[in-house]
Amino acid sequence: MKQRYPAVGLNRITACFGYTRQAWYQHEDVLMSHYEVEKVVVEQVKRKRKKLKLRKLGTRKLYHVLNEELKELGVYIGRDKLFTILRENNLLIKKKRNRAITTNSNHRFKKYKNLIQGTTPTRPDEQYAADITYIKLLGPEDFCYLHLITDLYSHKIVGWHLSRSLAAKESRKALKMALKQRKNKNLPLIHHSDRGVQYCSNKYVQDLRNAGVSISMTESYDPYQNAAAERVNGILKDELDLGARFMSFEEAFAWTSDAIEVYNFNRPHLSINMLTPDQAHQMSGPIKKLWKNYYQLKLKNRESNKPLEKRRKKRFDGEFMPSK
């Protein structure tokens with residue numbers, strides 16, 4: 001209004017709205033403060049994601065790695081405020097849901113019981129989870145396939161192999177890598193997977209038996225029974241850009257190698273007290289989780305016939321914010 005009526009004093013204009021001249025200046029100072037804070041936060045988020053090579057690092061993890069640095073810059077914000085700033089600047093992660101089928105459980109091979117349900121590993125090389133995910137390609141080859149072995153204690157990818165087929169021999173190469181890095185071969189190890197034909201094949205099973213590894217499998221095609229492996233697939237695709245479509249198999253291999261290195265050595269995890277998988281792999285004993293497994297709570301309450309405690313859940317463009 002001051003621009004439209006330059007001859008009218010600011011006191012008269014603010015009085016029309018029931019405010020004083022001083023209140024108007026205070027409001028302007030607050031607005032400038034908000035803009036400055038938002039600018040600093042956005043710059044620091046972009047810098048940290050670039051430094052860690054995690055262009056799609058989630059907000060809760062960003063809050064953990066940035067909180068102290070922001071305080072040193074005089075910026076004090078909470079987790080909710082960080083969500084709001086990232087949402088308004090289109091910096092939240094948007095997850096994709098399309099997928100190809102990589103599991104064929106309709107086969108003649110023996111299927112094994114689930115040995116890890118209800119258990120929690122307390123050291124590295126105690127429980128492995130195996131899974132296969134697809135990587136999209138351009139040209140005559142629509143997909144290539146990433147065979148993964150993940151340590152369920154540290155969440156570190158201990159074995160992987162990228163192939164052009166779903167043959168069992170390709171999955172065996174990832175298993176070979178995982179078993180080779182295993183430190184104490186005298187301690188028991190359980191290999192957990194879905195009921196895919198690759199993991200039930202005679203040669204794959206023989207590799208496990210020769211290494212003295214117990215065999216565990218999901219009892220149905222329920223992603224929750226192999227949730228850790230499914231989660232790793234999602235991180236690699238949603239945060240580390242393996243969900244993109246690559247020009248060639250060779251390009252996909254190079255990106256996959258880099259993504260797994262960043263995942264293992266740079267990305268903190270809520271489930272291992274904000275450590276990286278490689279850091280957690282050097283430890284033993286229980287590691288604090290910074291999230292609640294509501295699926296397990298639901299199962300426990302279903303067994304005891306108690307209603308699941310209500311919880312607040314806000315959604316911000318593909319990201320979920322937990323209750324305080």
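Net charge of the neighbourhood of E38, taken over other residues with C-beta under 13 Å away and scored Lys/Arg +1, Asp/Glu -1, is +1.
Can you give the local net charge around L162? Use residues other than it whose beta-carbon is closer than 13 angstrom to its beta-carbon, Lys and Arg +1, Asp and Glu -1. Walk me through the numbers on the way to the answer.
Working: positive: K136, R164, K173; negative: E141, E170, E250, E251, D258.
So the environment of L162 carries a net charge of -2.
Cα-based values for the stretch 127-291, radius of gyration first and Dmax second, are 15.5, 48 Å. Taking other C-beta atoms within 10 angstrom as a stand-in for reagent exposure, D207, D142, D131, D80 fall in the order D142, D80, D207, D131, fewest first. Rounded to the nearest Hz, the phi-derived 3J(HN,Hα) couplings of the stretch 238-243 under the Karplus curve 6.51 cos²θ - 1.76 cosθ + 1.60 (θ = phi - 60°) are 7, 9, 10, 6, 7, x, where x marks glycine and proline.
Basic side chains Lys and Arg get +1 at the Cβ, acidic Asp and Glu get -1 at the Cβ, and with that the dipole of the stretch 146-278 about its Cα centre reaches some 680 debye.
With K and R counted +1 and D and E -1, the other residues having a Cβ less than 11 Å from that of R123 yield a net charge of -2.
FYI, it's all coordinate maths here, none of it is from the lab. Here the structure is a predicted model, which is why all the values come from computation and not from measurement. When we count neighbours, we look across all protein chains shown, and the Cβ atoms used for this are built from the backbone with ideal geometry, even at glycine.
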